[in-house]
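To keep things clear, I will list the structure first and then write my remarks on it.
The values are calculated or read from the model by the stated rules, or taken from the named source; none is laboratory data. What you see is a predicted model; the values in this text were computed from it and never measured. For neighbour counting, all protein chains shown are included, and Cβ atoms are generated from backbone atoms with ideal geometry for every residue, glycine included. All accessible areas refer to the heavy atoms of the entire protein, side chains included, with ligands and DNA or RNA removed. Shrake-Rupley method; radii C 1.70, N 1.55, O 1.52, S 1.80 Å.
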Amino acid sequence: MHLSTVTGGASKDLAQALQPSRVNRLRAFSLKSLTLTSGQQPLMGPSSFGLYCTLEIVYSLIAVGLLLQSLANISENRGGDSLWYLAIIPVIVTHASLLMFNGVRKEVSARTVNFMLVIAYGTYIVWPLSIGAQHSAIPWSWLFGIYAMLVPVFEEESRDGITHSIALPALLIISSVASHLLTGVPLNPTELMIRACYLCFTCVLLAGLARFALKAVRESDRTYYETLSAQLLLNRSRDYSQELQNFDKLVHDNVMAALLDASRNPGELPQRTRLLARRAIDVLEEESLKSQPQRPITFQALTEQIAEGVEPWNQRLRFISDSMEKYPLASPDSTLPYTAARAFTHAVTEAVSNSARHSGTRTTQISIRTELRRPYNSTRSDEERPYVLCTISDRGQGFSMKDIDFRRLGVRVSMIRSMEEVGGKVTITSAPEKGTTVIVQWPHEDPDAG
């Protein structure tokens, strides 16, 4: 939709009302869908998913570094260690290989990631029971807590990362002190605190960096879904507009033509056709009146109704300010009867539809203005009253006014007669190759008079 600069009050309201507010609703739906859960894990956007896969690869490489450091510590421990505790090494190798495999294949498994907590906490808890604890109070696997810091990244609450960053160093201290008490092996408190602080700092750093990166990619996902939603809405709007135009053309060119042909021929059948057509129109009007409240409509609400009515043709409309500003603007809270508002909206929609079908141009100009004045040719004692006028124009092929039978069903029912019945007026001006201008006005007065 292309909007030109609008300076007039009512035309500006119309343009603003036609802004793609449905984009916001569809955008909210798309973003809301991101919070749906599958099991325990939230559905991820493309950027978030890519980050998780990358983190799996990074942490598998961290596992390799931790194993190399642990092997160096084991070699320094001449007393050896229990075989069941050394089984942690092939477990980590297997788990890191699985992480690498998932990351390369672009897969994310919550169970695989959560098992990292079992490895990290398990190495600290069972350390006092191993043979290695008889030679060193501090476990050679003291850095394995780092390996578990990928898990908090998958959690929705950032406090989980802080919890694990405190719990793992605390458990390291408890495990080392327990080993010292059970085996009597010497314990250097300074060395233990340095390692615990280093472990805490590293855990906080890794978790913080991962959370910061995750927040950034989620903003990228949000932008992606907003753009995708807007594009989908635009495509649907174009398809919907095309469908409405095709349907309108089908009804107008076939049903109306059949009714007109039947009504022009003499005999009983054409008379029956005209009678049924009038009855159908009356029934439609009655049902429409029953389905909606009969309260007066404000000018502001009328503008919004017009915006909804011409929405299928938004792409071709150009909203302009009305150059005629001889009178003050009427208040947006000014009202007109419900039937008048309905007829006014229908007349404007029909005029825009006719311009789209028959003008042969790509654009249609539309403007709305309100006036607060006394009726033309009135005395000073008459009170001022509000008026509303909508102008629809194009620079298309136009037509000769002499060639139009305004008594025919389409023009008479759709525009002119419906406005006359509610105290309004439709003025049509056109000429071949000079375009067409339609002015819809309520209440009825000649806008050029006076």
Inset, instruction - Kindly report, to the nearest 10 Å², the accessible surface of Arg272 as traced by a 1.4 Å probe over protein heavy atoms only. - result: 120
Legend entry - Distance between modelled label sites at Phe201 and Leu232, nm, 7 Å Cα→Cβ extension: 4.8
Legend entry - the stretch 216-231 and the stretch 294-370: distance between their alpha carbon centers, rounded to Å: 35
Inset, instruction - With a 1.4 Å probe and all protein chains in place, put Phe212, Phe299, Phe247 in order of accessible area, largest first. - result: Phe212, Phe247, Phe299
Inset, instruction - Quick one: order Trp127, Trp313 from most to least accessible surface, probe 1.4 Å. - result: Trp313, Trp127
Legend entry - Added length on full extension, which subtracts the Cα-Cα distance from 0.36 nm per residue, Arg222 to Ile174: 12.9 nm
Legend entry - Spin-label zone in the stretch 88-115 - amide nitrogen under 20 Å from a point set 7 Å from the Cα of Ile74 along the C-beta vector: 88-99
Legend entry - FRET efficiency, Arg395 to Leu372 (Cβ-Cβ, R0 30 Å, nearest 0.05): 0.45
Inset, instruction - Find how much the distance from Leu129 to Asp382 grows on full extension, using 0.36 nm per residue of separation minus their present alpha carbon separation; answer in nm with one decimal. - result: 80.7 nm
Legend entry - Computed lengthening from Val58 to Glu433, 0.36 nm per intervening residue step minus Cα-Cα distance: 128.0 nm
Inset, instruction - With a/c under 1.5 counting as rounded, go ahead and sort the stretch 113-191 into rounded, prolate or oblate using the C-alpha gyration tensor (a ≥ b ≥ c being the square roots of the eigenvalues; past the cut-off, prolate if a/b is larger than b/c, else oblate). - result: prolate
Inset, instruction - Using only protein heavy atoms and a 1.4 Å probe, report how much of Asp221 is accessible, in Å² to the nearest 10. - result: 0
Inset, instruction - On the full set of protein chains, 1.4 Å probe, figure out the accessible area of His180 and give it in Å² to the nearest 10. - result: 60
Inset, instruction - Using a 1.4 Å probe and counting only protein heavy atoms, arrange Thr94, Thr123 so the residue with the most accessible area comes first. - result: Thr94, Thr123
